[in-house]
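Data block below; observations after.
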Amino acid sequence: MQASINARLTKHLPDLYQTLQALYGDQFSNEQAFATWLAELLQVTGEIIAVRPQPLQELDTARSTDKSWFAKENMLGYCCYVDRFAGDLRGVQQRIPHLQELGVTYLHLLPFLKARAGENDGGFAVADFDAIEPRLGNMADLEELSTALRAAGISLCSDFILNHVADDHPWAIAAKLGDPRYRDYFYHYPDCTIPDNFEKHLGQIFPQVAPGNFSFVPELQEWVWTTFYPYQWDLNYSNPNVFADMAAALLRLANRGVEAFRLDSTAFLWKRTGTKCMNQPEAHQILQALRSLVEIAAPGVLLKAEAIVETAELPAYLGSKDEINLKQECHLAYHSSLMAASWVALTEQDTRLLRHVFAGTPMLPEQSSWLTYVRCHDDIGWNVLRPEASMEAEDVQQRLARVSRFYAGDGSYARGASFQANDPAAVHGTVGMAAALTGFSSAQTTAEKHLARQRLLLLYGLSFCFGGMPLIYMGDELAQTNDEAYQQVPAQAADSRWLHRPVWDEELYGQRHSRSHDAGAVFNALVYMLQQRRQLPQLAAQAARHLLNAKDSAVLAFIRGNPDEALLFLGNFSENSISLNIAELLVDYDISGQGWVDQLSKLDVDVTVTLQAYSQLWLVRKYGNIV
């Protein structure tokens with residue numbers, strides 16, 4: 001095993017040195033001082049490697065020989081809050097059979113580390129990276145859960161909040177007490193001169209309940225950078241000690257059995273005057289250095305970028321290529337533009353904006369994958385689509401605002417709500433469970449329920465077929481709708497995102513095999529689609545993807561895989577039936593054969609096919625595929 005560790009060190013240390021030197025070399029008085037700091041970082045890393053459990057070392061070895069293990073067609077993610085899903089970590093272990101029934105291979109548990117006392121942004125204000133939130137369990141419970149999940153073939157993903165800590169984290173407390181070392185772990189200013197200069201270019205995450213990006217801290221008598229809430233202090237990554245301590249905290253959690261980390265708010269990690277302080281080159285260098293450390297200490301671990309940015313900015317979070325080498329960053333990245341654009345396509349019954357997102361999405365770098373999803377714990381942010389929306393003639397502001405109003409229930413089937421809505425003319429995010437947004441909550445007739453189900457399945461079908469690791473958000477598999485009860489909980493009432501953070505519904509779960517109930521109809525359809533997906537290597541993340549030019553703009557058409565083994569996806573995003581000619585779709589591709597069969601229905605398909613309202617077809621050729 002030591003030989004393997006030495007080989008990893010030899011391979012990745014040069015990149016680590018080069019990246020950290022570029023980031024922090026100027027922070028030290030001379031090269032020797034930098035070398036001393038780096039040696040201390042490597043010593044801490046070595047100590048963590050030395051106590052890494054044997055089963056995890058064996059996992060490292062296995063995954064080092066199969067670098068794309070997470071990008072295959074059998075991968076499926078599931079996302080939930082520990083308490084909403086199962087009460088605590090021990091309860092999650094009891095729900096493993098449900099995850100196995102779905103075919104889950106990757107479980108993302110939203111923040112479960114010790115959070116700030118009182119308001120804590122749903123756990124995203126972390127008070128201790130080395131402790132579990134007491135009501136959820138303890139570290140022994142985490143290790144037991146990760147072991148049980150690994151035995152079931154499921155990798156555990158934990159949130160790791162890179163950008164900030166809670167104001168009652170030990171570093172923040174030390175800063176308040178005047179410790180100069182920890183004061184410099186944060187951005188702090190004696191007056192508003194510098195903050196006001198930054199604010200000229202910064203956006204606002206929570207303009208209604210937490211306006212601005214700086215908060216006055218009485219204990220410091222200074223202004224502290226707080227991008228999100230006043231109790232979440234942004235970390236100062238220009239300080240090399242911040243990087244060293246955060247990297248060590250991540251690696252210690254990896255030794256507890258965490259196999260993947262959702263790196264929260266990666267776009268915000270570096271501040272620069274005169275910019276939005278997002279997507280800065282140094283933010284990417286931080287991720288590159290973190291990736292190198294992980295490759296040395298725990299190569300079985302995945303890093304996932306939570307960068308909710310425009311499509312053009314997304315690929316860099318997976319890696320970038322210079323004249324010689326690929327600079328690897330995260331293994332996974334959320335494709336937020338694809339998610340948002342698919343909801344726009346439902347609203348407009350038109351896929352042109354979605355096609356722009358497709359066209360702007362490059363093929364993946366090696367050993368990486370998109371994370372494709374329909375909903376998550378956060379709001380749907382429409383502004384991420386401004387570049388694609390500007391490619392059409394309509395005013396972008398009016399167009400996206402109309403979409404936002406649609407999902408807030410303005411004359412539509414949707415039953416969501418606007419997020420941070422304090423200006424009627426603004427483009428607000430949308431909150432709500434997928435089932436509520438697709439029409440289950442408003443459906444009165446059998447026909448309306450059928451359409452709601454078709455819409456939900458269409459969105460998930462796209463996420464299954466696009467190319468990446470699809471993610472199911474807890475409750476979607478049971479058509480679970482909004483939780484209005486949050487308004488009665490003082491700690492949640494000001495944050496409408498709790499509308500789509502319901503408690504697990506045991507009654508719906510009991511209906512999952514009954515096709516006469518909405519929960520059963522959706523559950524069985526999703527499970528069946530996922531069974532088919534696992535038989536289709538064309539749907540692996542790295543398989544080729546080509547957008548097709550369907551004449552009717554309500555249809556999204558694309559092929560996956562090589563032409564001689566292609567899978568053809570056809571999705572109708574409208575309420576009307578649409579006929580199209582497959583030969584015309586494929587006129588630019590050399591795809592011959594004896595015809596097609598729909599992988600979902602198992603029915604043969606003629607050259608002219610009719611797509612019913614909100615339906616989808618996964619077409620494979622009659623020979624050479626498992627059907």
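The values are calculated or read from the model by the stated rules, or taken from the named source; none is laboratory data. Quantities reported herein were computed from a predicted structural model and do not represent experimental measurements. Please note: Cβ atoms are built from the backbone with ideal geometry, for glycine as well, and neighbour counts cover all protein chains shown.
Some values worked out for this structure:
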item	result
Residue that is under 15 Å from VAL344 (Cα atoms) and free of Cβ contacts under 8 Å to residues at least 40 places away in the same chain, where the choices are ALA443, ALA408	ALA408
Exclusive hit being closer than 30 Å to LEU109 by Cβ, without any contact (Cβ under 8 Å) to a residue 12 or more places away in the chain and of a type outside the set (Phe, Trp, Tyr), set ALA174, ALA249, ALA254	ALA174
Residue match in the stretch 328-349 (condition: outside any helix (DSSP H, G or I), over 14 Å from the mean Cα position of the chain (by Cα) and not assigned by TED's automatic domain parsing to the domain that holds ARG63)	yes
Unique residue being over 18 Å from THR227 (Cα atoms) and touching a helix residue (DSSP H, G or I) at 6+ places or on another chain (Cβ under 7 Å) when the list is LEU162, LEU177, LEU145	LEU145
Qualifying residue in the stretch 472-479 (condition: in contact (Cβ under 8 Å) with a residue 12 or more places away in the chain, on the phi > 0 side of the Ramachandran plot and surrounded by 20 or more Cβ atoms within 10 Å (Cβ to Cβ))	yes
Test: residue in the stretch 380-401 that is among the β-branched types (Val, Ile, Thr), surrounded by 19 or more Cβ atoms within 10 Å (Cβ to Cβ) and in contact with a strand residue (DSSP E or B) (Cβ under 8 Å, 6 or more places away or on another chain)	yes
Helices (runs of 4 or more DSSP H) wholly inside the stretch 370-442 containing at least 2 residues that are among the aliphatic types (A, V, I, L, M) and either over 20 Å from the mean Cα position of the chain (by Cα) or farther than 23 Å from VAL309 by Cβ (or both)	396-407, 434-438
Positions within the stretch 40-73 being among the basic types (Lys, Arg) and more than 18 Å from SER292 (Cβ to Cβ), in sequence order	LYS72
Exclusive hit being at pLDDT 95 or above and in contact with a Ser or Thr (Cβ under 6 Å, 6 or more places away or on another chain), set ALA71, ALA50	ALA71
Selection status of ALA554, touching a Phe, Trp or Tyr at 6+ places or on another chain (Cβ under 8 Å), closer than 22 Å to LEU456 by Cβ, of a type in the set (Gly, Ala, Ser) and surrounded by 20 or more Cβ atoms within 10 Å (Cβ to Cβ)	yes
Matching option when the condition is modelled with pLDDT under 95, surrounded by 15 or more Cβ atoms within 10 Å (Cβ to Cβ) and closer than 26 Å to ILE286 by Cα, among PHE198, PHE206, PHE214	PHE206
Among the residues listed as SER463, SER404, SER441, the single one being at pLDDT 95 or above, of a type outside the set (Lys, Arg) and farther than 30 Å from PRO207 by Cα	SER463
Scope the stretch 442-458; condition surrounded by 14 or more Cβ atoms within 10 Å (Cβ to Cβ) and aliphatic (A, V, I, L, M); matching residues	ALA443, LEU451, ALA452, LEU456, LEU457, LEU458
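Each row is one residue, and each column tells you yes or no for (1) farther than 30 Å from MET529 by Cα; (2) of a type in the set (Ser, Thr, Tyr); (3) touching a Lys or Arg at 6+ places or on another chain (Cβ under 6 Å); (4) crowded, with 20+ Cβ neighbours inside 10 Å.
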position: THR19; (1), (2), (3), (4): yes, yes, no, yes
position: ALA39; (1), (2), (3), (4): yes, no, no, no
position: ALA71; (1), (2), (3), (4): no, no, no, yes
position: LEU110; (1), (2), (3), (4): no, no, no, yes
